Amino acid sequence: MANVFEYIFKITSNAKGVTATMDKLNGSVSRIEKSVLSMDSKQQKAFASMQRSISQIKLDAILNNIDRVSTGLNSVNDPGLSLNSTLKDVSAITGVTGQKLKEMEMYARANAKTFGGSAANSANSYKLLLSQLSPEIAKVPKALKGMGTSVSTTSKLMGGNVTAASEVLTTAMNQYQISTKDPIKASEEMAKMMNVMAAAGQAGSAELPQIKTALENSGMAAKSANVSFEETNAWIQLLDKSGKKGAEGGVALRNVLATLSQGRFLPKDVQKELAKAGVDVNALGDKSKT
């Protein structure tokens, strides 16, 4: 940095005066030098600070870009990884591999396109069905596809909860002891049960979760008494409206069925009341009738 100073000397005959003037000038020059050096130091610090800030901004930008790329890759890969993981679980449960497993994957993807959600969720519904019904169903992927459709349809009535929908349908199937030896027929039976419960829920006051808990307590007794699934659902709805909801309604229905199944062994006063109502007590023990 070039500095130009203009000096004006006042010379008097008194040498002491000249000396004093030069001292003052020297002091002024020293102060200017210090000021310039201080300003230069501050500028250097400012530039260094700016360089550090720029470097930090560059680093943050790089890290943010890396994070966005990583997040993007995860969002792309996650559905496929989840689907593969679920299909591996299905394979482990059933022993099914190869072409049949690929067929399940194809059905899971098609189901996701039809009902929304991911293929992994569709495959997860297959896993739930196989775990709660029978792994043998996996040997007929087409039957599993039909059951998966029933689950997805039912889940739409349950806020998209695939697990809850699977439990409702498998509870009905298990309580009514629906055979899975013919997977296609079992799939058709599940669709019928789904329609019955959905219609009952719309016509009555008990919704699907309450129907499920009622069936858990009465389904097997109703099946043993040869009461149809449709009739059982009608009774569940009537009991629900009467204040016996969910499990309480199921227990009440089971107790009534157990009492009626005694037939001629019922107490005499009960037999008389039933006879007045036109009920043939002896017919109550006939398992071929509802």
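Computed over protein heavy atoms with a 1.4 angstrom probe, the accessible surface ordering of F229, F115, largest first, is F115, F229. The length gained on full extension between A92 and K181, counted as 0.36 nm times the residue separation minus their Cα-Cα distance, comes to 30.0 nm.
Ordered by solvent-accessible area of protein heavy atoms (1.4 Å probe), largest first, the residues Y107, Y126 come out as Y107, Y126. Rounded, prolate or oblate: which fits region 219-290, taking a ≥ b ≥ c as square roots of the Cα gyration tensor eigenvalues, rounded meaning a/c under 1.5, else prolate when a/b beats b/c? Verdict is prolate for region 219-290. On the beta carbon distance between K272 and S242, with R0 = 35 Å, the FRET formula returns roughly 0.90. For the pair E230 and M106, the difference between a 0.36 nm per residue extended length and the Cα-Cα distance amounts to 41.2 nm. Rolling a 1.4 angstrom probe over the protein heavy atoms with all chains in place gives region 139-203 an accessible area of 45 Å² per residue.
Determine the sum of side-chain charges near Q210: Lys and Arg each +1, Asp and Glu each -1, restricted to other residues whose C-beta is under 12 angstrom from that of Q210.
0
Among the listed pairs K127/K181; K139/K287; K145/K185; K127/K245; K142/K212, a Cα-Cα separation exceeding 24 Å is found for K139/K287; K127/K245; K142/K212. A crude spin-label estimate for the pair Q99 and D286, with each label 7 Å from Cα along the Cβ direction, gives 5.2 nm.
Pulled fully out, how much extra length does the chain show between N84 and F265, if you take 0.36 nm times their separation in residues and subtract their Cα-Cα distance? All intermediate terms of the calculation are to be shown ahead of the outcome.
Numbers: separation 181, 0.36 × 181 = 65.16 nm, distance 5.85 nm.
Gain on stretching N84 to F265: 59.3 nm.
For region 174-290, the fraction of 1.4 Å probe accessible surface lying on carbon and sulfur atoms is 54 percent.
The values are calculated or read from the model by the stated rules, or taken from the named source; none is laboratory data. From a predicted model like this one, the values you see are computed outputs, not experimental measurements. Ideal geometry is used to build each Cβ from the backbone, glycine not excepted, and the neighbour counts take in all protein chains shown. Keep in mind that these areas ignore ligands, DNA and RNA; they rest on the heavy atoms of the full protein, side chains included. Shrake-Rupley method; radii C 1.70, N 1.55, O 1.52, S 1.80 Å.
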